[in-house]
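Here's the structure we're looking at; comments come further down.
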């Protein structure tokens, strides 16, 4: 029996395990502010890596970064509320601009400093960016406009969970306007493809890209697309969305252009976003009972060297030996970027440091003691293969030169291994042979620990018929995730209505 | 007479000119939200460059990036208000978490959704980061803790001005805790030195680093240091500050550690910040009557090539020629980073595009027409030397190969030239020979356009004596900026009190 590093296993209690990973890997903590967390260096460092890699891809799509106001006047939402059914109202509202003493040693919002018009803390920026688009876009020559923003947004959530659902979260939001519907639809899919490739190639998270069913669309959207990832408890996590908004927002906000014939026509807009929620997905995809495992492309440190110092005369030569390895590897690149390597010289026991980095999920952890120096070796642990078959920690002594020769290949191999492992797990847990609703019911009833997803055929019902489907799924705590963009053709009947099927859709429990 | 690109010159109206640069260089615009601006791609792109260069330096100092909540509970400020005199109260206060219909087609904050404790939108994060420090720091082994945050902050300003003073602005705030006072004081100065070198080496803005006088300290600080830059109207701009906070915040927030002897002692904390205000400083240092001039290290695009397309058969070969130059330069590095070069293929007249980039201040603008292709040349404009002596635009035809051979050196030369020009202007406008207050009065009365700064000797008065000095300066619209860290020794008497001088201090009008 292996004794694992976390106080709770995935098997025993997945939700508790999730919190344990965040705590033990020093990723984030409760802040004392309702529903908001403090992102600590390791958690925020992963976000910075995500930002860098996403940002490069977003710029390569031809988008420019901008920054729009945090506060949105209430009236902007009145405009939107008129046009958009399902308009969400849980938002933080600023009503005062000064604090004064309450005369009892405390502070209160100054009644004299009440705002004439309350300001809403942005839950997303369609309204304020739409207002800018209406200023910027006059002629067909001004199109396309493609803008991205990195920002914090606030949605007043009743039940919060670190990374997955927090009152304040960090994200990027892409917003673009095009001349034609066809362009806008194509670009909505290009943004989705950007998310798919980022998730799979960088985060090593296999996802299914597809279109959300009608009732799961972003309010005001004509089409909403998502990437869905399977967590290790079998639940789905929506990890990124891309919306074709048609003229919903451009009509409401007067975003129109004069075409080459001189006619004024509304622009076609899209928006798309990915957030710190992705870090929750990373934990629940790659974490194990010893903590997080970070794919090398996202790891703030890809290789950590722990010098085994003992406060004696050997220490200097051990440190020197470690710095030598560091120097050699700083010259090397992997995934098109310089290798990120840390020599951890903090004053703590080396076993504590080793386990600290293993719980954080640094891909490669090296230990270097006096014997390693003497033999020209290093002791290496691959985080993706922590234990030998006999249950002992797999710390391999290899020659320093061999290690230097293969370090970048090892990082590539770990990136691939994490993806392959997650994909195999995911693929083994999607059933595609369920054709009767009773069977679906049975499948999800069988195992309280959520056995995975089911891809069923359906007739894409609408209206009251769709409402009924949603209700039947809700009774089983299930939701329709998306209609995979890539899947087999239909050949049967709708599992809900018995009518001829028109497409396949994924059914799952979800975060 | 040169006809300049901006509708107003610095000479005619400096404040109007400042707004004109921002508008004509497409840097930012009013957002429709009180005191908040929209940062457009060129303005935000400069901020991204500042972020990248500052962030590298901050990490090299050993700081880790984190993220703390936007909202701070009111009670945190009550704690601070007790301890900190001069506590600023102009802050945005969130009091409700939902909007509801007012029954008349509008929306109002839902009276049912009033927060029990109002939340303040962070004006700075000392309180919430201090609370985290008190959790993180237990033992001397936990020190130092060095944290940086990139964030938006909000201060309710009555009069706002783009970049210089906006209700919401972007910044980085460094926060650190040390075991000893000496360490903390040293690190406060290291942060200041980081700002000095960033301002001078990256932004090409010469600054004077020094300590703020007592009455200009950050509330609660034991020492406040700043870098001060001279704008082209002679006013001073505080471009970055670094505070030694002593135990003010650690006492209020219980940030204490057990030292090696087992005694609990309060940690010594520091904080330091630089913001988007720096962009205002960039404009007022390097801008001219044709727009902005961006130092190459901060330019989102260092070289812009405008192909002179005419919708005819030559276009393909012109584009090909431009792409060739692009390919060749993409291999090259300058200032330790790859060259940033754009080929501007937008559908607009080449003269419009040329002047667009000159107003934005791209360091090198190339134009390539059919004749250039035939001759193997490019037409090159250096933004820092826009006109020939005869007042004509200085567009030099040089061979493509010569250009490729010297492009990176040219960028280095432009970076240096902008710095040298600003430094010469600044140095020529600091007077150090003023020894009588009447002389000071006369100097600043002489020219309504603010002739520059005066460095005077003073006795560092305190209490009522200092109040009097501040009042006398205020009457002349002057402020004491800082006591330069590097300056001549004192040899006279205090210009305000007549007592023996103890240090030199800069007096100026300021933003």
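A few comments on the model shown:
- For residue A:262, label point 7 Å along C-beta direction: distances to other copies, nm: 9.3
- Against chain B, whose longest principal axis comes from its Cα atoms, helix B:181-197 is set at around 20 degrees.
- Directionally averaged projected area (region A:131-259, Cα convex hull): 9.2 nm².
- Nearest-first distances (nm) between copies at residue B:416, label 7 Å from Cα via Cβ: 4.8
- Percentage relative contact order, chain A, counting C-alpha pairs under 8 Å, at least six apart: 14
- Each residue, residue A:401 and residue A:26, gets one label point 7 Å from its Cα in the Cβ direction; the gap between the two is 3.6 nm.
- Each residue in A:114, A:392 was given a count of other beta-carbon atoms within 10 angstrom of its own, and listing them fewest first yields A:392, A:114.
- Alpha-carbon centroid distance for the pair region A:166-241 / region A:1-52, whole angstrom: 24
- Each part gets one Cα centre, and for region A:259-324 versus region B:342-401 those centres are 41 Å apart.
- Ranking of A:58, A:303 by count of other Cβ atoms within 10 Å, fewest first: A:58, A:303
- Span per principal axis, largest first, for the Cα atoms of region B:232-279 (Å): 56, 18, 17
- Tensor-based shape of chain B (alpha-carbon gyration tensor, a/c under 1.5 rounded, otherwise prolate or oblate): prolate
- Label point distance in nm, residue B:390-residue A:326, each placed 7 Å from Cα along Cα→Cβ: 6.0
- Debye intensity ratio I(q)/I(0), log10, region A:14-286, q values 0.08, 0.09, 0.12, 0.14 Å⁻¹ (C-alpha model): -0.37, -0.47, -0.80, -1.05
- Cα-based shape type of the protein assembly as shown, given that a ≥ b ≥ c are square roots of the gyration tensor eigenvalues and the cut on a/c is 1.5: rounded
- Helix B:400-428 and the longest principal axis of the C-alpha atoms of chain B enclose an angle of approximately 40°.
- FRET efficiency for residue B:349 and residue B:201, using Cβ-Cβ distance with R0 set to 41 Å, rounded to 0.05: 0.65
- Rg/Rg_globular for region B:303-410, with Rg_globular taken as 2.2 N^0.38 Å and Rg from C-alpha atoms: 1.02
- For the segment B:110-119, counting C-beta atoms of other chains within 10 Å of every residue's C-beta and taking the mean gives 3.
- In this assembly of identical copies, the label point of residue A:474 (Cα plus 7 Å along Cα-to-Cβ) is separated from its counterparts by 6.2 nm, sorted shortest first.
- For chain A, the longest principal axis of the Cα atoms and the long axis of helix A:277-286 meet at an angle of about 40 degrees.
- For the protein assembly as shown, adding -39500 (n - 2.57) for each run of n ≥ 4 DSSP H residues and dividing by the number of residues yields -10500 deg cm²/dmol at 222 nm.
- In terms of its C-alpha gyration tensor, region A:374-479 comes out prolate, because a/c is 1.5 or above and the ratio a/b outweighs b/c.
- Modelled FRET efficiency - R0 22 Å, residue A:13 with residue A:476, Cβ distances, 0.05 increments: 0.50
- Rg(Cα) / (2.2 N^0.38 Å) computed for region A:1-136, rounded to two decimals: 1.52
- Residues A:175, B:4, B:96, A:320, sorted so that the one with the fewest Cβ neighbours within 10 Å comes first: A:320, B:4, B:96, A:175
Every number in this text was worked out from the coordinates using simple rules, so none of it is lab data. In this text the structure is predicted, and so the values were computed from the model without any measurement. Note that we place each Cβ from the backbone using ideal geometry, even for glycine, and neighbour counts take in every protein chain shown.
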